[in-house]
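Enquirer: Sending over a structure as structure tokens; questions will come in a sec.
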Amino acid sequence: MKHFTTILLTTLLLGCSGDGNQETTTKDNETPVVYSLSFPVSYLVERLAGDAVENTCILPAGEDPAVWKPTTEQIIAMQQADLLVSNGLNYEAWMKTTALPTSKVVDASKDVTP
């Protein structure tokens with residue numbers, strides 16, 4: 001978990017700061033926009049980043065992330081976000097058929113062996 005925490009925080013800080021050559025949705029002194037793709041991941045982002053980011057869980061209350069699919073408007077919003085945090089391990093099955101910027105996606109289970 002310590003390794004993951006370090007990676008996530010580094011990604012949040014570096015990925016959202018911009019380098020002048022990459023487009024982000026944040027401007028100087030604005031809070032980076034993060035979309036969490038499930039409730040457990042949203043909880044993790046809130047605990048790690050706190051008020052340093054604007055964290056939104058894209059999954060509606062009561063929905064099952066394994067079968068839920070986002071609307072076109074939600075996909076557009078995610079494409080414009082600074083960072084997307086997914087559970088990974090194919091938990092969000094809809095991600096296989098959705099065009100999201102892979103450079104902005106953090107897979108929370110990347111180093112987990114199923």
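Enquirer: What are the residues in region 61-82 that are under 21 Å from Ala99 (Cβ atoms), open to solvent by less than 80 Å² (accessible area, probe 1.4 Å) and not in a helix (DSSP H, G or I), if any?
Expert: Selection gives Pro65, Ala66, Trp68, Pro70, Thr71, Ala81, Asp82.
Enquirer: Also, I was wondering about something else. Restrict the check to region 12-31 and report whether at least one residue is modelled with pLDDT of 85 or more, outside any helix (DSSP H, G or I) and within 25 Å of Pro114 (Cβ to Cβ).
Expert: So far as region 12-31 goes, no, none of its residues is modelled with pLDDT of 85 or more, outside any helix (DSSP H, G or I) and within 25 Å of Pro114 (Cβ to Cβ).
Enquirer: Test Asn90 against the stated conditions and say whether it is in a strand (DSSP E or B), without any contact (Cβ under 8 Å) to a residue 24 or more places away in the chain and either of a type outside the set (A, V, I, L, M, F, W, C) or surrounded by 12 or more Cβ atoms within 10 Å (Cβ to Cβ) (or both).
Expert: Criteria not met by Asn90.
Enquirer: Return yes or no: is Leu8 modelled with pLDDT under 90, part of a helix (DSSP H, G or I) and open to solvent by less than 20 Å² (accessible area, probe 1.4 Å)?
Expert: yes
Enquirer: Run down Ala108, Ala77, Ala81 and say which single residue is under 12 Å from the mean Cα position of the chain (by Cα) and in contact (Cβ under 8 Å) with a residue 60 or more places away in the chain.
Expert: Of the residues listed, the single one that is under 12 Å from the mean Cα position of the chain (by Cα) and in contact (Cβ under 8 Å) with a residue 60 or more places away in the chain is Ala108.
Enquirer: Right, another one. Go over the candidates Thr97, Thr102 one by one and state the one that is more than 26 Å from Glu30 (Cα to Cα) and open to solvent by 90 Å² or more (accessible area, probe 1.4 Å).
Expert: Thr97
The values are calculated or read from the model by the stated rules, or taken from the named source; none is laboratory data. Quantities reported herein were computed from a predicted structural model and do not represent experimental measurements. Glycine also receives a Cβ, built like all others from the backbone with ideal geometry; neighbour counts cover every protein chain displayed. Please note that ligands, DNA and RNA were not included when accessible areas were found on the heavy atoms of the full protein model with its side chains. Shrake-Rupley method; radii C 1.70, N 1.55, O 1.52, S 1.80 Å.
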